[in-house]
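Here, each number is a calculation from the coordinates, and none is a lab measurement. Because the structure is a prediction, the values reported are computed rather than measured. In this analysis, Cβ positions are derived from the backbone assuming ideal geometry, glycine residues included, and neighbour counts consider all displayed protein chains.
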Amino acid sequence: MQFSANIEKLKPSATIAVSTLAKKLAAEGRDILNLSGGEPDFDTPAFISEAGIEGIRAGRTRYTPPAGLPELRKAIAARLSEQAGRELDWNGVVVTTGAKQALFNTIFTLFGPGDEVLVAAPYWTTYPDLVNIARAEPKAVFGDESRDFKVTPQELEAALSENTRGLVINTPSNPTGAVYSLEELEVIAVWARDRGVWLVCDEIYRNIYHEADRTAAPSILELPESAIGDLVLIDGVSKSYAMTGWRLGFSYASAEVSQKFTALQSQMTSNVSTPSQVAALEAFTNFDEARASIEKMGIAFTRRRDLAMSRIDELLPGVEYTRPSGAFYVYFRVDSFFDAEVQDASAWCSRLLEEKGVALVPGAAFGDDRWVRMSFAASDEMLEDAFSRIAAMVGAAETT
Ligand SMILES: Cc1ncc(COP(=O)(O)O)c(C=O)c1O
């Protein structure tokens, strides 16, 4: 069958594919530890869910403006203004169906045929695919492993061409958990500004931060305004508030650009589900409860992060991993376990799922199939069990 050139390079999300297979095997009765997903294992905090339910009862079930309820956009702008330490215009906020739609709006609006978009790698699997959907060219730029893969202006400069129009970075990073410092963000922002390159900065994991020096990862918005050129900030409630199923994210950009995003969205999906907006409004305005729930989940995530690192050190000695300073993934290298049959992380993950029932995401999804990503948004027991099974498989492989 003939399809349009629009979807010539389209493929389903690699991370969702693994997770779906793991869920299918579990449904068939297999004992599966699914550590491939990208969502918190907590329920949405009750104060947020209740607000959504109350919204439905109160009849808040009709269309809203496509860019979202004005009160929600204002509440998000107030949160971002606090983050930035300066007043930000709420007309720059567009509420979207998950951060994914904010990224789609951004990439589809700003880039097209003939444009190149640099993607800091390893990257979240969706970025290059969205660039492909826009029929622009994604170009992965790998940071050095010694810097937890964070990219530098020098590496970006080497990848620059006359067609470069954009750069996508993600901090804290999915899959590595690496977090850019403010200084690192500043030199990248200045580089993008000076080169006239759009900077798309995805900070969806900002509130899941494991280091003791701050309560949240540094944000691009904290930089002096003069350091920032053309910027789109991406964020949402999926990870911070365990609201993946409510489908609510947002972008922040200039009011002019946001009007374009809104026009695009008005032709596609219109507004985000109204009860979800009402629930998110509570998350952005009930500060005490919001802070308490972020802290509660954060404590668990940090404990599990420490557990995951110590189990790698103990049970998989010599295996390299990036220290996750944020998010809930540990990214580790498995090519030392390859053998005659298993020559890449995709095959290694298939073997692990088949033989030991542990689902991880192979690095092919993130641009380097020597690595794998494990989500530690799971109980301590599950993580312990997963590492024992991995160690058992690796041990068995060594003796054969
Ligand atoms: C880096 C990153 N950005 C954006 C998203 C999309 O989040 P959502 O569409 O649920 O808001 C995800 C989800 O896994 C992600 O990992």
If amide H atoms are modeled at 1.01 Å from N in the peptide plane, then the residues at a separation of 5 or more from Val358, or on another chain, having amide H under 5 Å from its own are Leu33, Leu353
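Could you calculate the contour length gain from Lys23 to Thr285, that is, 0.36 nm times the residue separation minus the distance between their Cα atoms, to one decimal place in nm? Provide the component values of the computation, followed by the final result.
Working: separation 262, 0.36 × 262 = 94.32 nm, distance 3.55 nm.
This chain segment gains 90.8 nm when fully extended.
Sort 309-318, 216-225, 61-70 by the packing proxy (mean of other Cβ within 10 Å over each peptide's residues), most packed first.
216-225, 61-70, 309-318
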GNM on the chain, Cα springs under 10 Å; top mean-square fluctuation among Pro122, Pro113, Pro275 goes to Pro113
Rg from C-alpha atoms of the chain, normalised by the globular rule of thumb 2.2 N^0.38 Å, equals 0.97
Taking the Cα centre of each part, how many Å lie between the stretch 371-387 and the stretch 297-334? 9
Calculate I(q)/I(0) for the stretch 138-278 by the Debye formula, one identical point scatterer on each C-alpha and no solvent, and give its log10 at q = 0.09, 0.10, 0.17 Å⁻¹ to two decimals. -0.31, -0.38, -1.05
What is the order of Lys11, Lys23, fewest Cβ neighbours within 10 Å to most? Lys11, Lys23
Given labels modelled 7 Å from the Cα in the Cβ direction, how far is it in nm from Gln343 to Ser81? 5.9
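Would you work out the relative contact order for the chain, in percent, from Cα pairs under 8 angstrom that are 6 or more residues apart?
Values: 773 pairs, mean separation 90.8, N = 400.
The normalised contact order for the chain reaches 23 percent.
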Could you check the simple spin-label distance between Ala227 and Arg303, using points 7 Å along Cα→Cβ, in nm with one decimal? 3.5
Using a simple spin-label model with points 7 Å from Cα along the Cα→Cβ vector, what separation in nm is obtained for Leu182 and Leu315? 4.0
For the stretch 190-219 versus the stretch 36-57, the gap between their alpha-carbon centres in whole angstrom: 26
Among Ala212, Pro66, Gly245 the positive-end extreme of the charge dipole of the chain (Cβ point charges): Pro66
Tell me the angle of helix 70-84 to the major Cα principal axis of the chain, expressed in degrees between 0 and 90 and rounded to the nearest ten. 70
Taking a label point 7 Å from the Cα of Arg193 along Cα-to-Cβ, the residues of the stretch 210-225 whose backbone nitrogen sits under 11 Å from it are 223-225
Report the charge-dipole magnitude of the chain in Debye, nearest 20, computed about the Cα centre from +1 at each Lys and Arg Cβ and -1 at each Asp and Glu Cβ. 1220
Lysine pairs in the chain 8 or more apart or on different chains: how many have alpha carbons under 16 angstrom apart? 7
Could you tell me whether the stretch 1-71 comes out rounded, prolate or oblate from its Cα gyration tensor? Rule is a ≥ b ≥ c as square roots of the eigenvalues, rounded for a/c under 1.5, then prolate if a/b exceeds b/c, otherwise oblate. oblate
Once the dipole of the stretch 280-400 is set up with Lys and Arg at +1 and Asp and Glu at -1 on Cβ about the Cα centre, which of Ile390, Leu352, Ser379 lies farthest towards its positive end? Ser379
Placed amide H near Ser13: partners under 5 Å, 5+ positions off or other chain: none
